[in-house]
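Chemist: Dropping the structure in here first, questions after.
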Amino acid sequence: MRATVSLWFLVFAGFACNYMIRINLNIAIVDMTTAKSGGRSILMCGNSTDSLNLTVGRDVVVKKTDFEWKDSERASVLGSFYWLHWALQLPGGLLARQFGAKCIFGLSNLFMFVMSMLMPVLARWDIKGLIIARVLQGFVGGMAWPSVHHLTAHWVPPNKRSKFITAYLGSSIGVAITFPLCGFILERWGWPYVFYVTGAIGMVWFLAWWLFVYDTPSQHPYISEVELVHITSSLTDVVSSTKLPIPWKAVLTCVPFWIALSIQWSTGWALHTLMTQTPTYLVLMFGWNPEKIGLWSGIPHFTRFVFSLVLSFAIDTLMATGKYSRTCVRKISTTICTVVQALLIVALVYSGCDPFLVNGFLLLAMTASGASTSGPLSIMVDLSPNFASVLQGFSGITGVIPGMISPFVLSYFTNDNNTLESWQHFFALSGVIIAIPGLMYYFFGSSELQPWNNPIPAVDPETAATNGNSTAKK
């Protein structure tokens, strides 16, 4: 097996495990506590009830839970992962440049796995303990994404990036597996085992990552000579073999970079809103049991991954023809995962109480976000492979803030009174937030290599004079 192929699978599995830990609480919470409206359990497409032990039909369940949390407390629990998730995004990229992505990505994930195993104890102790644990998970886990961008920049030729970056959507497969897996666990063993099982799976991945991953092709002991030459020769003109000084002024005054950041906000809002709120929305709409909610929450993430693979191959093929610029093809993908997705999200919430339409638009909206691999996720590497991890640090900060804000915006609209109208207002606002940056990028954005990717190092006057004298003597 080629070294890049094995690396793809390990990065893929790493993001799958990362997202297992990130979202296991999103499905577990439907069994931990029940959303209310006016103090009563509620089905927005049925009747509310004062009984917390009512079972209606085969798949509709409203039952007593372990915790009685208000909407604001639920928002804190769901959003706390992102409160400090931004803080180590930029340092994570810088640390990857210093210590390597193997160390940073591996250890940050390991910390999240260990904390997952402690969640049940902390939740039963106090809601504050659970929130603190989630904050710490998000804080340390913030180093993961920017560190892997550093790995990608040093392992993957420019025209194959879209294909390799599909490994990042191991996150989608992680979600697609986690939701139904956790629904199965909830039905049989209860919510604490959601945290135990996902944490244990993550630790198995860490062992494989630590044993088989290397930061650069030249460090890999088993890579073939042909593959090594192909990678290094393709990166010669775009990736420096030495650590370059970061051109902070050029980066912070780069218009394409700021437009790209707005796209990260847009796609971050879409992903975190759907990923965090879908289980709660489905249980409020239809009152399904955890297993059914897990299934219908997970399927869209699988189709997201499949679409990302298909579109990434198509985008790389278009670029290989030489007829389309990198900016042109990135705009195609970015429009799909912003403007098109925004329309589908609005359609979802205005589909009323028809389960077929609701799940259909949910599936299409999440599928459309798969275009992010060949669009927004590739733009930062396009702009500057040498500083991809640094740019992704800024990108990560921007992209995770919506995950922190979104639950509180929703709780503002619902205010302990979950109605279909309040959810419609929230999703309509989300559609606007998602679409506007996509339109900005379509008209003003760029994905071309920036001049500051290869900054000219400052020359010491004394050294220059010495070199000049030496040349003159010759």
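The values are calculated or read from the model by the stated rules, or taken from the named source; none is laboratory data. The structure presented is a predicted model; accordingly, all values stated were derived computationally and were not measured. Positions of Cβ are backbone-derived with ideal geometry, glycine not excepted, and every protein chain shown enters the neighbour counts. Just so you know, the surface numbers come from the protein's heavy atoms only, side chains and all, with ligands and any DNA or RNA stripped out. Shrake-Rupley method; radii C 1.70, N 1.55, O 1.52, S 1.80 Å.
Chemist: Criterion first (assigned to a helix (DSSP H, G or I), at pLDDT 95 or above and not β-branched (Val, Ile, Thr)) does LEU343 satisfy it?
Modeler: Yes.
Chemist: Which members of the stretch 310-331 meet the condition of being of a type in the set (A, V, I, L, M, F, W, C), open to solvent by 50 Å² or more (accessible area, probe 1.4 Å) and in contact with a helix residue (DSSP H, G or I) (Cβ under 7 Å, 6 or more places away or on another chain)?
Modeler: PHE313, LEU318, ALA320
Chemist: Suppose we keep only residues that are within 13 Å of the chain's Cα centre (by Cα) and not aliphatic (A, V, I, L, M) within the stretch 1-34. Which one would you say is farthest from TYR82 (Cα to Cα)? Steps first, please.
Modeler: Here is the first cut: in the stretch 1-34, the ones within 13 Å of the chain's Cα centre (by Cα) are 12, 14-23.
From the residues that got through so far, the ones that are not aliphatic (A, V, I, L, M) too are 12, 14-15, 17-19, 22.
Numbers: PHE12: 22, GLY14: 19, PHE15: 17, CYS17: 17, ASN18: 14, TYR19: 13, ARG22: 10 Å.
Ranking the qualifying residues of the stretch 1-34, first place goes to PHE12.
Chemist: State yes or no: is LEU274 in contact (Cβ under 8 Å) with a residue 12 or more places away in the chain and open to solvent by 30 Å² or more (accessible area, probe 1.4 Å)? Full working, then the answer.
Modeler: Details: in contact (Cβ under 8 Å) with a residue 12 or more places away in the chain: yes; open to solvent by 30 Å² or more (accessible area, probe 1.4 Å): no.
No; evaluated as a whole, the condition is false for this residue.
Chemist: Out of the residues in the stretch 425-445 that are among the small types (Gly, Ala, Ser) and in a helix (DSSP H, G or I), state the one that is surrounded by the most Cβ atoms within 10 Å (Cβ to Cβ). First the steps, then the outcome.
Modeler: Of the stretch 425-445, the ones among the small types (Gly, Ala, Ser) are 428, 430-431, 435, 438, 445.
When the remaining residues are screened for being in a helix (DSSP H, G or I), the result is 428, 430-431, 435, 438.
On the way: ALA428: 15, SER430: 23, GLY431: 22, ALA435: 21, GLY438: 26.
The extreme case among them is GLY438.
Chemist: If we scan the stretch 357-370, do we find a residue that is surrounded by fewer than 17 Cβ atoms within 10 Å (Cβ to Cβ) and either touching a strand residue (DSSP E or B) at 6+ places or on another chain (Cβ under 8 Å) or assigned to a helix (DSSP H, G or I) (or both)? Talk me through it step by step, then tell me what you get.
Modeler: Initial filter on the stretch 357-370 (surrounded by fewer than 17 Cβ atoms within 10 Å (Cβ to Cβ)): 357, 360.
Subset that is either touching a strand residue (DSSP E or B) at 6+ places or on another chain (Cβ under 8 Å) or assigned to a helix (DSSP H, G or I) (or both): 357, 360.
Yes, the conditions are met somewhere in the stretch 357-370.
Chemist: I need every pair where a residue in the stretch 401-416 that is within 21 Å of VAL135 (Cβ to Cβ) and touching a residue at least 12 places away in the same chain (Cβ under 8 Å) has its Cβ under 6 Å from the Cβ of a residue that is in a helix (DSSP H, G or I) and of a type in the set (Val, Ile, Thr), sequence separation at least 6 or different chains.
Modeler: Note: pairs meeting the criteria are SER406/THR273.
Chemist: Further question on the same structure: Please go through the stretch 446-456 and pick out each residue that is part of a helix (DSSP H, G or I) and open to solvent by 50 Å² or more (accessible area, probe 1.4 Å).
Modeler: In the first step, residues of the stretch 446-456 are kept if they are part of a helix (DSSP H, G or I); the result is 451-453.
Within the stretch 446-456, PRO451 is the sole residue that qualifies.
Chemist: Would a scan of the stretch 290-298 turn up a residue that is in contact with a Leu (Cβ under 9 Å, 6 or more places away or on another chain) and not in a helix (DSSP H, G or I)? So that I can check it myself, show each step before the final result.
Modeler: Residues of the stretch 290-298 in contact with a Leu (Cβ under 9 Å, 6 or more places away or on another chain): 290-294, 296-298.
Right, trim to not in a helix (DSSP H, G or I) and you get none.
Checked against the condition, which is being in contact with a Leu (Cβ under 9 Å, 6 or more places away or on another chain) and not in a helix (DSSP H, G or I), the stretch 290-298 yields no hits at all.
Chemist: Moving to a separate point now. Select from the stretch 206-222 the residues that are out of contact with any Leu (no Cβ under 8 Å at 6 or more places or on another chain), modelled with pLDDT of 90 or more and surrounded by 15 or more Cβ atoms within 10 Å (Cβ to Cβ) and list them in ascending order.
Modeler: Passing the criteria: none in range.
Chemist: Among (1) free of Cβ contacts under 8 Å to residues at least 40 places away in the same chain; (2) under 24 Å from VAL255 (Cβ atoms), there is one condition ALA347 misses while meeting the rest; what is its number?
Modeler: Single failed check for ALA347: (2).
Chemist: Taking interchain pairs and intrachain pairs at least six residues apart, which have beta carbon atoms under 6 angstrom, with the first residue in the stretch 184-199 and within 12 Å of ILE27 (Cβ to Cβ) and the second of a type outside the set (D, E, K, R) and open to solvent by 80 Å² or more (accessible area, probe 1.4 Å)?
Modeler: Close Cβ pairs satisfying both conditions: ILE185/TYR193.
Chemist: Here's something else I'd like to know. Would you mind telling me which numbered condition in (1) in a helix (DSSP H, G or I); (2) more than 23 Å from ILE397 (Cβ to Cβ) LYS323 fails?
Modeler: Of (1) in a helix (DSSP H, G or I); (2) more than 23 Å from ILE397 (Cβ to Cβ), only one is false for LYS323: (1).
Chemist: Being over 20 Å from ALA28 (Cα atoms) and free of Cβ contacts under 8 Å to residues at least 60 places away in the same chain is the filter; apply it to the stretch 121-167 and report the residue that is surrounded by the fewest Cβ atoms within 10 Å (Cβ to Cβ).
Modeler: PHE139
Chemist: Surrounded by 22 or more Cβ atoms within 10 Å (Cβ to Cβ) and within 19 Å of the chain's Cα centre (by Cα), is that true of THR280? Step through it out loud before you land on a result.
Modeler: Numbers: surrounded by 22 or more Cβ atoms within 10 Å (Cβ to Cβ): yes; within 19 Å of the chain's Cα centre (by Cα): no.
No, not satisfied.
Chemist: Scanning the stretch 283-308 for residues that are polar (S, T, N, Q) and over 25 Å from HIS425 (Cβ atoms), which turns out surrounded by the fewest Cβ atoms within 10 Å (Cβ to Cβ)? Spell out how you get there, then give the answer.
Modeler: Start the filter on the stretch 283-308 by keeping residues that are polar (S, T, N, Q), which leaves 289, 297, 303, 308.
Of the ones still in play, those that are also over 25 Å from HIS425 (Cβ atoms) are 289, 303, 308.
Details: ASN289: 20, THR303: 17, SER308: 27.
Once the filter is applied, the top-ranked residue is THR303.
Chemist: From the list TRP258, TRP265, TRP248, exactly one residue is surrounded by fewer than 18 Cβ atoms within 10 Å (Cβ to Cβ) and modelled with pLDDT of 90 or more. Which is it? Quick ask: steps written out before the conclusion?
Modeler: Details: TRP265 fails: surrounded by fewer than 18 Cβ atoms within 10 Å (Cβ to Cβ); TRP248 fails: modelled with pLDDT of 90 or more.
Only one candidate passes the filter, namely TRP258.
Chemist: Would you check if there is a residue in the stretch 154-167 being closer than 22 Å to VAL77 by Cα and aliphatic (A, V, I, L, M)? Give the steps one after another, and end with the answer.
Modeler: Kept after step one, since they are closer than 22 Å to VAL77 by Cα, are these residues of the stretch 154-167: none.
No.
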